[in-house]
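*Asks:* One structure coming up, written as structure tokens, with questions to follow.
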Protein chains: 4
Amino acid sequence: MTSPLTPSPANSRKSFGSDNHAGAHPKILDALRDAGQGDASAYGDDPWTTRAVAQLCDAFGLSGPGGVFFVFNGTAANVLGISLMLRPYEAVICAEGAHLNVDECGAAERIVGCKLLTVPTDDGKLTPELVASRLPGRGDEHRAQPRAVAITQATEVGTCYTRGELQRLGEFCHANDLLVFMDGARLANAAAFVGCSLADLAAHVDVLSFGGTKNGAMGAEALIVANPALATAVPFQRKQQMQLASKMRYLAAQFSVLLADQLWLRNARQANAMAQRLADGISDVPGVRLRYPVESNGVFATLDPALIEPLQREWSFHVWDADEHTVRWMTAYDTTEEDIDEFLAGIRAAAGALTA
Amino acid sequence: MTSPLTPSPANSRKSFGSDNHAGAHPKILDALRDAGQGDASAYGDDPWTTRAVAQLCDAFGLSGPGGVFFVFNGTAANVLGISLMLRPYEAVICAEGAHLNVDECGAAERIVGCKLLTVPTDDGKLTPELVASRLPGRGDEHRAQPRAVAITQATEVGTCYTRGELQRLGEFCHANDLLVFMDGARLANAAAFVGCSLADLAAHVDVLSFGGTKNGAMGAEALIVANPALATAVPFQRKQQMQLASKMRYLAAQFSVLLADQLWLRNARQANAMAQRLADGISDVPGVRLRYPVESNGVFATLDPALIEPLQREWSFHVWDADEHTVRWMTAYDTTEEDIDEFLAGIRAAAGALTA
Amino acid sequence: MTSPLTPSPANSRKSFGSDNHAGAHPKILDALRDAGQGDASAYGDDPWTTRAVAQLCDAFGLSGPGGVFFVFNGTAANVLGISLMLRPYEAVICAEGAHLNVDECGAAERIVGCKLLTVPTDDGKLTPELVASRLPGRGDEHRAQPRAVAITQATEVGTCYTRGELQRLGEFCHANDLLVFMDGARLANAAAFVGCSLADLAAHVDVLSFGGTKNGAMGAEALIVANPALATAVPFQRKQQMQLASKMRYLAAQFSVLLADQLWLRNARQANAMAQRLADGISDVPGVRLRYPVESNGVFATLDPALIEPLQREWSFHVWDADEHTVRWMTAYDTTEEDIDEFLAGIRAAAGALTA
Amino acid sequence: MTSPLTPSPANSRKSFGSDNHAGAHPKILDALRDAGQGDASAYGDDPWTTRAVAQLCDAFGLSGPGGVFFVFNGTAANVLGISLMLRPYEAVICAEGAHLNVDECGAAERIVGCKLLTVPTDDGKLTPELVASRLPGRGDEHRAQPRAVAITQATEVGTCYTRGELQRLGEFCHANDLLVFMDGARLANAAAFVGCSLADLAAHVDVLSFGGTKNGAMGAEALIVANPALATAVPFQRKQQMQLASKMRYLAAQFSVLLADQLWLRNARQANAMAQRLADGISDVPGVRLRYPVESNGVFATLDPALIEPLQREWSFHVWDADEHTVRWMTAYDTTEEDIDEFLAGIRAAAGALTA
């Protein structure tokens, strides 16, 4: 792992490298223990799965249980999700910087066999206009045919679609015979920022993922398939895509805990608040400038290049864009005010040393 | 799930439906809790993974750490394993009844794109002669080219390759330019039966899986790549095949527990012993006949057809072959003598009612 | 090419190695010259294609032009045809000896990603009963789901489905939610034998190929898609599967010639008649025994093993099954009575030498 | 076909729509007739193939016959070519506008399963600097791994790499563990422009295609594999990719004619000269401006938008970029001075009508 995203070696300080550096929430661990007693049928035919599916149906406003499926990780949720929408010659329009395009080792191309039609977008968000730019060529047998649009909520750079933006984009897509997939690895953070329900975020989307792992789970993602015509294929596609857990109860139990008492929302709010605290704290630090608005749990900052190395010696975080000296600081459900304040003090000290 | 393999609904009695009906071993749950504290780098760059990899290297006699990888489930271990060995036009020789061929929803064909060249074999085991029967056509551009042989240890029908059989088969394959993959979803049970080390079982194999899930884990499989030339591709193939866990420590910690104090072996021995107890107990029951020798934790029995339904009303198990009235009874690490004796009493009662 | 199918070196005598050893029919060459003058739009937007499509629509009883597509070879026709019918987790039931399974280097598995569920059948033909034997497992997410049945007319061993057999099989398939694909690489020979129109042979089939190459063309195959819902994807799938000819007129012109004045039928009848003449001629030769009924342009004969080598020194033909000493003698549209009689004399002489 | 590339309906005037609108050269038709007599072994084991392979080995400076393979079309040559170079997680760096990326309906992604890492480049050419821009991420398991670079000679916009540019790029690639593939659908035109041999153009390339179809053939492309380690897989990959012609002699015979007496070069020179004549002729026409330098057989011109429709009523050609009113005029081996002069007169008349 020699990518510029590789963090410096961890130490005892809170990592800002990724929200998946955090451990599992204590309630998650309790829930696994509770689920661990005795026998249960495999592959989801168990009471824990039944309960978690019902909770997710409720949270996403689904009318029946047939549209909720658990998988192991976010790449799988993305690949399985888009695989439901496409024939072999159909393509997905997505942002150039989308995880699906950049960070999944070509899984979409290899597993689904589809082309990704990418669109440059600075803030990570697609618009009807950007989507429209990839539609010429429809009907031409020489071109892969756009059939789905994949968006990310919150985006890779921490921004969030508003409800209005989602509605406008969704309506444009459906009016243009395009299905909408939403990568919700950080959907909880988006819901916390936008201030709406999960169902509200899913209103104009055909298939989406709801990430547990970055929200305090040990490792579990839910695929939500609102469109029943698309859902019938999921059991087979999931198995074939190597995502069918035999002891499914342990994936389901994690979601049950997150859904109960809205733990998912409290976790997301804490992470978001800590990112905001960090953003506020650096606003007046010389040599440090916010790169993107802070709308979830990531702070992207462009630094004086001389600041990066000293800070990485003490805190884990990624250089997001080496050319423009932008770094990414992620917070998690377990990031504390003390963690932020300690980091802010470090940033200020480094900046001070620089200007001294 | 309407297959003849679907068990009847579970009840409070011990399930004989599958070894994956068992919950996670209490020590597994403890280990997850221990691994759950604080931050750790993602994707395997953490001390839990380092430790578990070292333990597995030791158990399998690997000289360096570069050949151990964790994945989420058994299908993934099989598909990832064979994907390391093949070019697109190369094929895998396997038993007709292999899990890879029958029970993975065509994952090998879809994900790897390869043809499986199947061989009928009653006891689930391949021999040099059976492998040789699929070699004609080599060099002919019209034929998919055999390049790997996939075996299962213990097999789908509970039999085990002896060390001599493994050696003879491995030597034949390597002399014929064939790589060997071993599906070890129940490798622990095989080692317990054969009475040798994991390294002994792996001696003539290029890539194999070591199953944690059926051995008492919550859900984790290890891929062991003995051949360093094949190992370099694994990180990329694993990611692309949607098997890279971000919070890897929770997969690794499960294996650490299984390896410590040979918990894996004790779990396997208990399961095997209970299968043997069941087999011994039915030996004199009229209308019940062993179908395969009991060499691991599965008992396959051909029953008077009138016995099946009454027994399924009270115990969960699969009908393995509806035409010949053969059922499969699986034991697990947590099956007890009481569970077996209660089941045996039920079998005897049903058989008695029949002959009365 | 070291397969047992490789013929011995060619000499001046007529080859019985394959119907694709014959050259292009003189009328085909004339037609290519006629099509070769001046410009034409590419990719099928030309008058030659329009004409050939109309002729094929007429021959196959299609109501509109939207279901006829040209491709380069038989493997492509098979792969493109089945690709129209399947989602990634769906499977094709076919005969174990089908070209699709044996002789296409795993193209179906790699290009379509599907599993082939094979059925042993001595005469190359499937029946409702044989198809039904592969249906258990439907609805079980662990199993690839049967969705299509692929048959060959004439079969690999030269037999032909009767119209009644096709109707019974087609009705069974459609009643069981299975689509039917027919590999018609030698469809002309089957129509000549059965004594019916091409439309009659296609009556119960969803997609089929009509082979030009073995019928006297230079190289061209037609894919006939009777089901309009399946046809919309063909232009894209054909391009993506590398089968879109830019100078399409040269494929189309070949079919126009074959369709005009039923040249296809005369060619097929000549080949069939010569196979029958050969079969009749060997009926009383000691050491020579017909292996399959001669229903098209192939004669499969089991020989005294000592006969094979002397005959292959003078005539090109394949050993079909080395274990049972069965050879395959193919006739073509340009095989003459003299070719057959010369070969028969050679067979009789060799057999005589043997018994002398 | 509603794409902006679709030409207006053809009429009796010479088409400038594409070099594949031209018919087959008369000598090609003669050669097919010569090859059409009598039997020949299938799949390339025939004297026509042997001869054409030898001619191509000679033209490309190959030491042995093992590196020349015929396929049906250009998409296939590209896909087969890159499939030789890649493992499933490896990627191809290419120009954003490359045929491989834009015009092959996603064939690379679906058939090879690879990601294309695209680079914007106005003149269609890659440089070491542009290639280097896609190398970050190497070794990072989250990223598809660049392994090959695909270039086009002549490019999609008619420009040609010089020998020096090819050397510099090839050396950079090989020094950086990247293989080089060259799409030579118009390689003849490039050789004619650059003024060197085919071997010279291939000097720093691992695998390339040599297009016959746009050079006057009926339909045939050659894949040249300079690297013997890559060539062993071709027979199998070609068959599996549905590109193995049974009557191979008819593909081979086309190349024999093109190679004999350098017909390929004369054809290319004629097409190039006519493009140059057209470019010269428009240099002083108001409302018409060359968009790219004319270095092969395509003229790209940006027009006053009011000129496009009147010209398309009488001549077939494509609008290349609707937003910037750029059109593409292709010449072919059979384009004459009269064709060009007639077209130039039409352009001048239309431009005159506009300014009147």
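*Asks:* When the distances between all Cα atoms of segment D:71-122 are binned every 10 Å from zero, what whole-number percent does each bin get?
*Replies:* 27, 59, 15, 0
*Asks:* Counting only other chains, what is the mean number of Cβ atoms within 10 angstrom of the Cβ of each residue in peptide D:73-80? Show your work: numbers first, answer last.
*Replies:* On the way: counts 8, 3, 8, 6, 1, 1, 3, 1.
Shielding by partners across D:73-80 averages 4.
*Asks:* Accessible area, 1.4 Å probe, largest first: how do D:E337, C:E295, A:E129 sort?
*Replies:* Correct descending sequence by accessible area is A:E129, D:E337, C:E295.
*Asks:* Which value, in square angstrom to the nearest 100, describes the accessible area buried between chains D and B on both sides, using a 1.4 angstrom probe?
*Replies:* Interface area, both chains combined: 1700 Å², rounded to the nearest 100.
*Asks:* Compute the whole-percent fraction of alpha carbon pairs in segment B:1-153 spaced more than 20 Å apart.
*Replies:* Everything past 20 Å amounts to 66 percent.
*Asks:* Once you keep just the Cα pairs under 8 angstrom separated by 6 or more residues, what percentage relative contact order results for segment A:26-262?
*Replies:* Numbers: 444 pairs, mean separation 73.1, N = 237.
Relative contact order, segment A:26-262: 31 percent.
*Asks:* Could you compute how much accessible surface A:D45 exposes when probed at 1.4 Å, giving the result in Å² to the nearest 10?
*Replies:* For A:D45, solvent-accessible area is about 90 Å².
*Asks:* Provide, as a two-decimal number, the C-alpha radius of gyration of segment A:8-77 over 2.2 N^0.38 Å, N being how many residues it has.
*Replies:* Segment A:8-77 yields a ratio of 1.48.
*Asks:* State, to one decimal in nm, how far the label point of B:D200 lies from the label point of A:R163, with both points 7 Å from Cα in the Cβ direction.
*Replies:* Spacing of the two 7 Å Cα→Cβ label points: 6.7 nm.
*Asks:* Under the rule of -39500 (n - 2.57) per DSSP H run of 4 or more residues, summed and divided by the residues of chain A, what mean residue ellipticity at 222 nm is obtained, to the nearest 500 deg cm²/dmol?
*Replies:* The helix-only estimate for chain A comes to -11500 deg cm²/dmol at 222 nm.
*Asks:* Given 37 °C and 0.692 mPa s, how large is the Stokes-Einstein diffusion coefficient of segment D:122-198 in µm²/s, with Rh as the Kirkwood radius over Cα pairs?
*Replies:* For these conditions, the coefficient is 247 µm²/s.
*Asks:* Follow-up question, since we're still on this one. Mind pulling the angle between the C-alpha long axis of helix B:337-355 and the longest principal axis of chain B? Nearest 10 degrees, somewhere in 0 to 90.
*Replies:* 50
*Asks:* Mind grabbing the accessible area of B:W48 for me, 1.4 Å probe, Å², rounded to tens?
*Replies:* Near enough 70 Å² of accessible area.
*Asks:* Restricting the count to DSSP beta bridges whose residues both fall in chain C, what percent are antiparallel, rounded to a multiple of 5?
*Replies:* Restricted to chain C, the bridges split so that about 55 percent are antiparallel.
*Asks:* Also, quick follow-up: Counting only protein heavy atoms and a 1.4 Å probe, tell me what percentage of segment C:26-262's accessible area is made up of carbon and sulfur.
*Replies:* On segment C:26-262, the fraction of accessible area on carbon and sulfur atoms equals 52 percent.
*Asks:* Same structure, new question: Give me the three principal axis extents of the protein assembly as shown from the C-alpha atoms, as integers in angstrom, largest value leading.
*Replies:* Result, largest extent first: 93, 83, 55 Å.
*Asks:* Moving to a separate point now. Given the pairs A:K27/B:K214; B:K27/C:K115; A:K125/D:K214; B:K239/C:K115, which span a C-alpha to C-alpha distance of over 32 angstrom in this model?
*Replies:* Listed pairs above 32 Å: B:K27/C:K115; A:K125/D:K214.
*Asks:* Could you work out the mean count of beta carbons from other protein chains within 10 Å of each residue's beta carbon in D:85-93?
*Replies:* That average works out to 5.
*Asks:* Debye sum, Cα scatterers, chain B, no solvent: what log₁₀ I/I(0) at q = 0.12, 0.14, 0.15 1/Å?
*Replies:* -0.88, -1.15, -1.28
*Asks:* Assuming a ≥ b ≥ c are the square roots of the Cα gyration tensor eigenvalues, decide whether segment D:155-214 counts as rounded (a/c under 1.5), prolate (otherwise, with a/b larger than b/c) or oblate.
*Replies:* Since a/c reaches 1.5 and a/b is larger than b/c, the shape of segment D:155-214 is classed as prolate.
*Asks:* Cα centroids of segment A:290-324 and segment D:300-321: how far apart, whole angstrom?
*Replies:* 50
*Asks:* What does the C-alpha gyration tensor say about the overall shape of segment C:91-156? Classify as rounded when a/c is under 1.5, otherwise prolate if a/b is larger than b/c, or oblate.
*Replies:* Details: a/c = 2.46, a/b = 1.17, b/c = 2.11.
It is oblate, given that a/c is not under 1.5 and a/b is not larger than b/c.
*Asks:* Which of the residues in segment C:109-145 show a loss of at least 30 Å² in accessible area from their chain by itself to the complete set of protein chains, at a probe of 1.4 Å?
*Replies:* At a threshold of 30 Å² (probe 1.4 Å), the residues of segment C:109-145 that become less exposed are C:E109, C:R110, C:I111, C:G113, C:K115, C:G139, C:D140, C:E141, C:H142, C:R143.
*Asks:* Using Cα-only point scatterers and the Debye equation, what is log10 of I(q)/I(0) for segment C:180-301 at each q in 0.15 Å⁻¹, rounded to two decimals?
*Replies:* -0.77
*Asks:* Here's another thing I want to ask about it. Give me the log10 of I(q) over I(0) for segment C:234-313 at q = 0.25 Å⁻¹, as the Debye formula computes it from C-alpha points; what are the numbers?
*Replies:* Scattering profile of segment C:234-313, log10 relative to I(0): -1.14.
*Asks:* Thinking of segment C:203-273 as a set of Cα atoms, what percent of all their pairs are more than 21 Å apart?
*Replies:* 35
*Asks:* Let me ask something else about it. FRET efficiency for A:D34 and C:E324, Cβ-Cβ distance as r, R0 = 56 Å, nearest 0.05?
*Replies:* With R0 = 56 Å, the Cβ-Cβ based efficiency is 0.30.
*Asks:* With springs only between Cα atoms under 10 Å, which of B:G216, B:G139, B:G346 fluctuates most in a Gaussian network model of chain B?
*Replies:* B:G139
*Asks:* Oh, and also: Rolling a 1.4 angstrom probe over the protein heavy atoms, how many square angstrom per residue are accessible across segment A:57-128?
*Replies:* Values: 1780 Å² over 72 residues.
Result: 25 Å² of accessible area for each residue.
*Asks:* While we're on this one: Considering only the other residues whose Cβ falls under 11 Å of the Cβ of B:P146, what net charge follows from Lys and Arg at +1 and Asp and Glu at -1?
*Replies:* Net of charged neighbours comes to +3.
*Asks:* Report the accessible area of A:R238, computed with a 1.4 Å probe over the heavy atoms of all protein chains in place, in Å² rounded to the nearest 10.
*Replies:* A:R238 has an accessible surface of roughly 20 Å² with all protein chains in place.
*Asks:* Moving on. Tell me, Kirkwood radius of segment A:289-356 from alpha-carbon pair distances, in Å?
*Replies:* Taking every pair of different Cα atoms in segment A:289-356, averaging 1/r and inverting gives 12.5 Å.
*Asks:* Please report, in whole Å, how far the alpha carbons of segment A:223-356 spread along each principal axis, starting with the longest.
*Replies:* 64, 35, 26
*Asks:* Okay, moving on. Given label points at 7 Å from Cα along Cα→Cβ, what nm distances, shortest first, separate C:G139 from the same residue in every other copy?
*Replies:* So the distances to the same position in the other copies read 4.3, 5.0, 5.4 nm.
*Asks:* If I build a Gaussian network model for chain A, linking alpha-carbon pairs within less than 10 angstrom, which residue out of A:A144, A:A253, A:A345 has the largest mean-square fluctuation?
*Replies:* A:A345
*Asks:* Same structure, new question: Angle check, please: helix A:47-60 long axis (alpha carbons) against the longest principal axis of chain A (alpha carbons), in degrees 0 to 90, nearest 10.
*Replies:* 80
*Asks:* Taking chain B as a Gaussian network, where each spring joins two C-alpha atoms under 10 Å apart, which residue of B:G38, B:G23, B:G184 fluctuates the most?
*Replies:* Taking springs between Cα atoms under 10 Å, the residue moving most is B:G38.
*Asks:* If I stretch the segment between B:A345 and B:D280 completely, what's the gain in nm (0.36 nm per residue apart, minus their alpha carbon distance), one decimal?
*Replies:* 22.1 nm
The values are calculated or read from the model by the stated rules, or taken from the named source; none is laboratory data. None of the values given here were measured: they were computed from a predicted structure. Using ideal geometry, Cβ is built from the backbone for each residue, glycine included, and neighbour counts are taken over all protein chains shown. We work out accessible area using only protein heavy atoms, side chains counted, and drop any ligands, DNA or RNA first. Shrake-Rupley method; radii C 1.70, N 1.55, O 1.52, S 1.80 Å.
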